[in-house]
4 protein chains.
Amino acid sequence: MIIVLKPGTSSRDEKAVLTEIRRLGYKPHVMRGVAHVVIGAIGDERVNPPLDTLRAWAQVESVTPVQKRHKLVSRQAHPANSTIRVGNVEIGGSEVVVMAGPCSVESEKQLMVTAEAVARAGAKILRGGAFKPRTSPYEFQGLGEKGLKLLSKAKKRTGLPIITELLSEDHVDLVAEHADILQIGARNAQNFQLLIAAARTGKAILLKRGLSMKVDEWLLAGEYVLANGNRNVLFCERGIRTFETYTRNTLDLGAIPIVKQESHLPVVIDPSQGGGRADLVASFCKGAVAMGADALLIEVHPNPKEALSDGAQQLDLGGFARLMDELRPLAKAVGRSMAG
Amino acid sequence: MIIVLKPGTSSRDEKAVLTEIRRLGYKPHVMRGVAHVVIGAIGDERVNPPLDTLRAWAQVESVTPVQKRHKLVSRQAHPANSTIRVGNVEIGGSEVVVMAGPCSVESEKQLMVTAEAVARAGAKILRGGAFKPRTSPYEFQGLGEKGLKLLSKAKKRTGLPIITELLSEDHVDLVAEHADILQIGARNAQNFQLLIAAARTGKAILLKRGLSMKVDEWLLAGEYVLANGNRNVLFCERGIRTFETYTRNTLDLGAIPIVKQESHLPVVIDPSQGGGRADLVASFCKGAVAMGADALLIEVHPNPKEALSDGAQQLDLGGFARLMDELRPLAKAVGRSMAG
Amino acid sequence: MIIVLKPGTSSRDEKAVLTEIRRLGYKPHVMRGVAHVVIGAIGDERVNPPLDTLRAWAQVESVTPVQKRHKLVSRQAHPANSTIRVGNVEIGGSEVVVMAGPCSVESEKQLMVTAEAVARAGAKILRGGAFKPRTSPYEFQGLGEKGLKLLSKAKKRTGLPIITELLSEDHVDLVAEHADILQIGARNAQNFQLLIAAARTGKAILLKRGLSMKVDEWLLAGEYVLANGNRNVLFCERGIRTFETYTRNTLDLGAIPIVKQESHLPVVIDPSQGGGRADLVASFCKGAVAMGADALLIEVHPNPKEALSDGAQQLDLGGFARLMDELRPLAKAVGRSMAG
Amino acid sequence: MIIVLKPGTSSRDEKAVLTEIRRLGYKPHVMRGVAHVVIGAIGDERVNPPLDTLRAWAQVESVTPVQKRHKLVSRQAHPANSTIRVGNVEIGGSEVVVMAGPCSVESEKQLMVTAEAVARAGAKILRGGAFKPRTSPYEFQGLGEKGLKLLSKAKKRTGLPIITELLSEDHVDLVAEHADILQIGARNAQNFQLLIAAARTGKAILLKRGLSMKVDEWLLAGEYVLANGNRNVLFCERGIRTFETYTRNTLDLGAIPIVKQESHLPVVIDPSQGGGRADLVASFCKGAVAMGADALLIEVHPNPKEALSDGAQQLDLGGFARLMDELRPLAKAVGRSMAG
């Protein structure tokens, strides 16, 4: 850690800082610059207590960590790409995997029609919300357990593994019984108790980025899962909150190369939440594939005009099939493959 | 709701929209403008299904709600200010209430010394974290139940009611046993399952604003509490996330008059999280009192230089007492009072 | 325009609003909803005075425009894509055009070496800064006129048209003498006097998006150019300012499909400013090409390690040539071509 | 400056960095930590060339400056508060100065009525826009020179010095002839050529914070004025751009104590632009005075309902007088005075 003292700090105040650094297990190393004294605190920042408290000292101008705080998710800890296996599907390998299905499970018919259509078009995993987090208590909250059972039925019929959202620590066993991938939504991305409970199921965890989560914080949320014994984490970018109001969120496709640099784990893009508009989904998917996304999570509905949630961002069945056809040459152009 | 059709929409496509509006329980009302057809959908938006799905229709340019989505928290539903009683303390009345105490409960001595000092200086409620949400799994996570018991002990000794954070649905009964106010942290501000569980305890709920939560979303999160039978909600602004990096967060003091306009419930300011810097706390508190905050939530530690969490933003005991002395004339200048 | 009155507005107050709407040249149309009175003001919002002042009326809850404010740049005004011709180069057609060169012109040798290398690798336009806007007055501010003359010399040698930044109304004639495209930087994106002066030269204008400019505002800044008689506008996304600190800016690739929907004018991506990091440039370019960008603006330097400005984000000559080779198959996969 | 090398950097690559640091005029100082080599570069960062280019080196993980970049505006350079004299008015002293007047000068009558009313209520400086920067080219752009002449006339009648916006380098002489304070608007806050031209007039400069300007950048924009020989700078916070849509901007009142810590120059708050709503102005002013603002810049109009620009945020004459009465006890409570 690097501690910068304020200009004009007395030698007594400087000594007090050095003593504190030693007390916390580090070896201080002093550099005298033109205007400032800079102290390097030598020691493992991930094992010793942090030196943040020094910020409270009047003579300290800044405290800057040198080491990154994430360990197990970091590329440094695991230089090769990790792949995550879900049923027969491998995520993070040479194939770009598509997860598709309705925003919410609404009925058996709606789900089966969608599941079969997306499977036919090349999707490898079925998505569908059973428990829905809604901004207002008066909005449709999902079919709950009934929705989960329909997902299991669709899995049996199509062979597609299931991804669905986990909202509550109280639902962990129930959701894990039906799902192959537990999705942690953006609003729960720093609900650490939920992450720990999800991690312990051993299921793969798709961790959406919070609405205003820095990359560093997102990686550390993933670290909660790995630190609890589960290495099957997928980082999913779904749009961040910015000043722009044209779209609901601003999809940060730059997260793909950045997370790839920092971590060995796969990166997923959600183009549906990303912009909140069906007419942008195709373009977002093209960018994502070109930039190296390992998977896409796409909302598809047999009749978006009547969807019980987020109709405006769901593709219809034909639109989804056409999109898959457009994406394959792009995947190929960057040395990847796509099913279908 | 107001639906604007795209220029050049055919009369057949227009009719389809009108039919759908009627199907969903509204009465359409058509206005033909210079370039656009605008349709008013007459009906109670809070009872009928939303018309959001119309956004998915190719001929629709925009769908704008007319009614606000929050009901029970709204000023319209309850024109007078609501007050919340916690023990002998009334929040939302003429007195500006100060809640103070350490970021984390660290030891019996640290807590008792702080509790007695803040009580002496005029604080009316004792704050202290027992379960701490931390960005990294390797940081201090709080004393847990042991911390709660120390808080109860401090309450017995000083008579101050307790506010402490609730992190997990699994802790609801435990935390409610010791706390008078359940704090929902910024990272859980849209963890609706936690809000519902907290609401059902009947305890007062201090709902922090999420890092990038719009006022509308914050009010709706409060609505989850009231819709579950608990009207004791305090809205607490604690700094939002912006582009600025000088401080950890940007304290949005404008939230005070805005929430007061929209809601009848009390507004609390957290100046400690707000900037993440002890040297800004006094200024933030002055602004908050002048702008009409009903309460302040201030981190105080007997020795911030050795705090186990967030030392840089905690006041020491003397600093807190001096601050209280500075705030009283301001409270008086805006027609309020402060204890001490 | 749609005016919503507050619940409980008296009929007298309602009448006053109707009178004002008529006074401003609109025909009011009243709809009585469940809780609100909604008034449509029929008339051309782009010709009549705006009704914004109604927001100042106590009985008015909201005023929402129906028409978009941009006219000449809008896709509606010109359904087909516009192409812009600069020398022999056409931007906005089937070829993806690459503009490349150093951040700053530093010396004749640096510029000529770069110009020849980028031309060889397939760039069609040469970029180079002569007047540089710098956050601090103590940073290198560019070679000024000397830099412009070097750019003209490089154009003579390589045949590449020149793009360079215009900073000041006082430089308009000077810069226009040497440049084929005038670049308006992000910090001047709403310096309307500069936009007007630039427009009047008749040169093509590359208009960078401001750091926190909404799409709507960006289009209107472009509208200033067209309204002053110059239709040769290129919209260039170069990263917006968000809460994220991993990169200097957050490149908003979603601006490509959005501007394409709203406007007929070409879209350019600047991947160098976009992230401020050379190691992200290739990935950003791939996304941009896949998503339909018409041109790329890439910083290239013979020795980025010694650049006088922004070394960290410039590609070296070999890196640029390799990038061009990687982009060609992507351009092809989306039905476009690239030179080289 | 602090340079951190990537883990595993070879000794040859390390040596190359040390050589470069010496070449640029610094003395390197090496610290070997647990995982990283950290190099302190000793030397005056404000005189020597910056080491930013090291970021382009593959073996470098980060480069962090130690010294702040602003010199002349910094509190360190001038520990006491600076005061700025404009006519008989002193800004930055014990009195809180109020600048008030219409958003735009619209007519002689409108201006004179306002000027006399605000003078009577205690305003010390008259504001009024003659050249108006407008998002759309089709909006009212101000009366221009005619407006300036009316301002001079109002000054003659009331004795109030004038503040008005400078938009263009071409208007510098004209505006300086009529104005006592030149206002640089948020959209031009990094239009450095305009800042330099304004500085050279010797007039006081009110520098509004850009919409997404970090404090550091704002101070450096002020540094452009002082570095060009003019020390009469006022920093004016007028709301930053965030994700929140309830108000047009988010007024960052925390800028008051922060700029006061970093700089010796006065701080002004613009509560009218700050929220874009007249009903928030009073609350914002109260917070500003309590937090130590040196001046307020308030929009006042005899009939906001008919204002040609920004009617929704202007106070009427009675509202302004009432506000002044409410602010005086607050100024007194923080040891300041206010006229009236």
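Only the coordinates and a few stated rules stand behind these numbers; no lab work does. Note that the coordinates shown come from a computational prediction; the quantities given were computed from them, not determined experimentally. Positions of Cβ are backbone-derived with ideal geometry, glycine not excepted, and every protein chain shown enters the neighbour counts.
Shielding value for D:185-191 is 6, the average number of Cβ atoms from other chains within 10 Å of each residue's Cβ.
Between B:Glu326 and B:Glu145, the simple label model (points 7 Å from Cα in the Cβ direction) yields a spacing of 4.2 nm.
Projecting 7 Å from Cα along the Cα-to-Cβ direction, the label point of B:Ser10 sits 5.1, 7.0, 8.6 nm from its equivalents in the other copies, listed shortest first. Working from label points 7 Å from Cα in the Cα-to-Cβ sense, the D:Thr245 to C:Asp279 distance is 3.7 nm. Database remark: amide H of C:Ser263 closer than 5 angstrom to the amide H of C:Arg75 (H placed geometrically; neighbours at sequence offset of 5 or more, or on other chains; Pro and chain starts carry no H). A label point on B:Leu174, set 7 Å along the Cα-to-Cβ line, lies at 2.3, 7.1, 7.2 nm from each of its counterparts in the other copies, closest listed first. Put a plus charge on the Cβ of each Lys and Arg, a minus charge on the Cβ of each Asp and Glu, and nothing anywhere else: the dipole of region A:84-333 about its Cα centre is then about 400 debye. In this entry, chain B is assigned a mean projected area of 19.7 nm², taken as a quarter of its C-alpha convex hull surface. Looking down the axis that turns chain D into chain C, the chain D residue with its beta carbon nearest that axis, and the gap rounded to whole angstrom, comes out as D:Ser212, 2. Reducing region D:97-118 and region C:143-186 to their Cα centroids gives an inter-centroid distance of 44 Å. Between B:Arg134 and D:Asn88, the modelled labels are 6.2 nm apart [label points 7 Å from Cα along Cα→Cβ]. Across the copies of the chain, C:Ser62 has label points (7 Å from Cα along Cα→Cβ) spaced 0.9, 4.2, 4.2 nm apart, shortest distance listed first. For region A:166-313, a simple Cβ point-charge model (Lys and Arg +1, Asp and Glu -1, everything else neutral) yields a dipole of about 240 debye relative to the Cα centre.
Considering only beta bridges that DSSP places wholly inside the protein assembly as shown, some 40 percent are antiparallel.
Using the Karplus relation 6.51 cos²θ - 1.76 cosθ + 1.60 with θ = phi - 60°, the per-residue 3J(HN,Hα) values for region D:52-66 come to 3, 4, 4, 4, 7, 7, 4, 7, 9, 8, 7, 10, 10, x, 9 Hz, with x marking Gly and Pro. Taking Cα centre as origin and charging only the Cβ of basic (Lys, Arg, +1) and acidic (Asp, Glu, -1) residues, the dipole magnitude of region B:2-64 rounds to 160 debye. Applying 1/(1 + (r/R0)^6) with r as the Cβ-Cβ distance of B:Leu174 and A:Ser62 and R0 = 41 angstrom yields a FRET efficiency of 0.55. More than 55 Å apart: what percent of Cα pairs in the protein assembly as shown qualify? Summing the P(r) tail past 55 Å for the protein assembly as shown gives 18 percent.
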